[in-house]
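What follows draws every value from the coordinates through simple rules; no lab data is involved. All of these numbers come straight from a predicted model, not from anything done at the bench. Counting neighbours? That spans all protein chains shown, and the Cβs are built from the backbone with ideal geometry, glycine included.
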Amino acid sequence: MPGTSRHHWGTDFDLNDLNPAYWKSGEGLKIYSWLLANASRFGFCQPYTNKQDNNRSGYEEEAWHWSFRPLSEKLLGDYNSQIGYDDFKGFSGSEYATQLKIIEIYVNGISCLEK
């Protein structure tokens, strides 16, 4: 839904393959394992982890999606203080934003929060 993507903040990016199977074996698993072990040392986190293991809502796990936490945490706070459901208008499907709880479930349904 327009207005909900972390990519638009310039803090989040997708890596080379959007197929979940790629990240479970071979080169993809090697890369993913390295990211899990090392990305946080450089300020990066995976916002969409396994929902059951991390008690979060929103998008399904995306091994390819990574976020630069020092900026994305600040921008998430800015988003939550400035964006509301009244801002979702003027596009097909905007009337469902409140019903879908797009802010609570999807924008804030991440694993990249400082604990």
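Scanning for something closer than 22 Å to ASP78 by Cα and touching a Cys at 6+ places or on another chain (Cβ under 7 Å), does the stretch 20-43 turn up at least one residue?
No, there is no match, as no residue in the stretch 20-43 is closer than 22 Å to ASP78 by Cα and touching a Cys at 6+ places or on another chain (Cβ under 7 Å).
Quick one: is TRP66 buried (at least 19 other Cβ atoms within 10 Å of the Cβ), farther than 17 Å from LEU113 by Cα and in contact (Cβ under 8 Å) with a residue 24 or more places away in the chain?
It is false that TRP66 is buried (at least 19 other Cβ atoms within 10 Å of the Cβ), farther than 17 Å from LEU113 by Cα and in contact (Cβ under 8 Å) with a residue 24 or more places away in the chain.
Within the stretch 75-98, can you find the residues that are exposed (fewer than 13 other Cβ atoms within 10 Å of the Cβ) and within 22 Å of TYR48 (Cβ to Cβ)?
GLY77, ASP78, GLY93, TYR96
If I filter the stretch 1-59 down to residues being part of a loop (DSSP other than H, G, I, E, B) and without any contact (Cβ under 8 Å) to a residue 12 or more places away in the chain, which single residue comes out as nearest to SER94 (Cα to Cα)?
At the first step, the residues of the stretch 1-59 found to be part of a loop (DSSP other than H, G, I, E, B) are 1-5, 10-11, 15-19, 25, 43, 46-50, 55-59.
Then keep just the ones that are without any contact (Cβ under 8 Å) to a residue 12 or more places away in the chain; that gives 5, 19, 25, 50, 55.
Numbers: SER5: 14, ASN19: 28, SER25: 39, ASN50: 27, ASN55: 27 Å.
Of everything passing the filter in the stretch 1-59, SER5 is nearest to SER94 (Cα to Cα).
Quick test of your reading of the structure: SER72 fulfils all but one of (1) under 13 Å from the mean Cα position of the chain (by Cα); (2) surrounded by fewer than 18 Cβ atoms within 10 Å (Cβ to Cβ); (3) of a type outside the set (Val, Ile, Thr); (4) part of a helix (DSSP H, G or I). Name the failing condition by number.
Tallying (1) under 13 Å from the mean Cα position of the chain (by Cα); (2) surrounded by fewer than 18 Cβ atoms within 10 Å (Cβ to Cβ); (3) of a type outside the set (Val, Ile, Thr); (4) part of a helix (DSSP H, G or I), SER72 fails exactly one: (2).
Filter the stretch 95-115 down to residues that are in a helix (DSSP H, G or I) and closer than 22 Å to ALA39 by Cα, then give me how many there are.
1
How many residues are more than 17 Å from the chain's Cα centre (by Cα) and in a helix (DSSP H, G or I) when one looks only at the stretch 75-94?
6
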